[in-house]
Amino acid sequence: MATAVNAELIGALQYEEMVTISPETRLDQLVSGRPWMARILIAFGIDWPKCGPFSLSNSCRGLPIDVYDLTKVLGRVAQGPEGLRNLSLGELTAHIVQCHHRYLRRVLPRLLRQMEEVTRRYPELLPLQLEIQEFAVRANPHMFREEQVVFPAIRDLNQEPNLSGHLARWIGSLLREHDSALEHVSALRQLTVNYQADSRRGQDYQKLMAALADLDDEMRWHMYAENEILFPAALRAMQAA
Ligand SMILES: [Fe+2]
Ligand SMILES: [Fe+2]
């Protein structure tokens with residue numbers, strides 16, 4: 001599953017143009033030719049594409065986002081998601097929490113309500129509802145464990161080397177949970193035939209499909225950042241310690 005995540009994002013690497021990003025950079029300039037940048041803006045809760053003509057600092061106004069942290073991450077990934085490798089372990093764990101975990105906490109409750117309403121009208125969607133419920137139930141304790149136990153141990157690897165004995169086991173357990181989460185996402189994709197809009201069904205259904213497709217896209221980035229970048233880097237640091 002991790003290979004599929006990797007392969008889907010590798011296409012982004014063909015964009016080689018250099019870019020300087022500051023809080024005054026306009027969002028449409030950021031995203032032009034770099035569609036993966038839109039993914040990060042959306043995950044942070046920025047109203048893309050509506051905020052396209054606005055600067056990063058204006059778009060972050062009123063949101064719980066440090067525009068300088070966001071500028072730094074965007075600068076790293078301007079040439080492709082592999083740029084996340086240039087963040088330190090501490091910066092990377094903070095980015096995952098602020099971007100991907102915050103996205104799930106913001107979006108999942110709304111998605112569950114949407115799903116419930118649409119399933120009431122179309123009871124044949126019950127298997128889809130069960131998949132998303134199962135995904136959501138597992139997501140919260142998983143993120144909690146990452147934020148409270150595993151990410152701090154990774155971040156403080158140098159100060160607390162005795163935790164490294166547990167770290168490989170903890171990471172192994174998280175990776176198994178990722179496989180299971182990605183199986184739920186794959187089931188969502190199959191049950192909806194790739195989140196196809198259905199003109200016979202109402203607007204609520206189309207909105208639900210769009211929200212599920214967004215969750216699928218977001219999860220690939222989240223898993224890519226953890227499976228392909230953070231965890232291998234933590235294991236390398238642990239061996240070097
Ligand atoms: Fe995570
Ligand atoms: Fe995770």
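The values are calculated or read from the model by the stated rules, or taken from the named source; none is laboratory data. The structure displayed is predicted, hence computed values, not measured ones. Cβ: placed from backbone, ideal geometry, glycine included. Neighbour counts: every protein chain shown.
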Name the one entry in MET238, MET209, MET143 that is without any contact (Cβ under 8 Å) to a residue 40 or more places away in the chain, of a type outside the set (Val, Ile, Thr) and surrounded by 16 or more Cβ atoms within 10 Å (Cβ to Cβ).
MET209
Only residues that are within 16 Å of ligand 2 (Cβ to nearest atom) and aliphatic (A, V, I, L, M): list them for the stretch 201-224, please.
LEU215, MET219, MET223
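Listed here are the residues, each with its yes/no results for (1) closer than 30 Å to LEU163 by Cβ; (2) modelled with pLDDT under 95.
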{"site": "VAL185", "(1), (2)": "no, no"}
{"site": "LEU188", "(1), (2)": "no, no"}
{"site": "VAL193", "(1), (2)": "no, no"}
{"site": "ALA197", "(1), (2)": "no, yes"}
{"site": "GLN203", "(1), (2)": "no, yes"}
{"site": "LYS207", "(1), (2)": "no, no"}
{"site": "LEU215", "(1), (2)": "no, no"}
{"site": "LEU230", "(1), (2)": "yes, no"}
{"site": "ARG236", "(1), (2)": "yes, yes"}
Would you confirm whether any residue within the stretch 45-65 is over 26 Å from VAL185 (Cα atoms) and β-branched (Val, Ile, Thr)?
yes
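Look through the stretch 68-105, keep the residues that are among the β-branched types (Val, Ile, Thr) and within 11 Å of ligand 1 (Cβ to nearest atom), and return whichever of them is farthest from the chain's Cα centre (by Cα).
My answer is THR93.
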What's the number of the condition GLN79 fails, among (1) farther than 18 Å from ARG189 by Cα; (2) out of contact with any Ser or Thr (no Cβ under 8 Å at 6 or more places or on another chain); (3) in a helix (DSSP H, G or I)?
(3)
Based on this model, can you work out whether LEU63 counts as modelled with pLDDT of 90 or more, on the phi < 0 side of the Ramachandran plot and away from ligand 1 (no atom under 16 Å from the Cβ)?
yes
Scope the stretch 59-88; condition surrounded by fewer than 19 Cβ atoms within 10 Å (Cβ to Cβ), outside the structural domain of ILE40 (by TED's automatic domain parsing) and either among the basic types (Lys, Arg) or within 16 Å of ligand 2 (Cβ to nearest atom) (or both); matching residues
ARG85
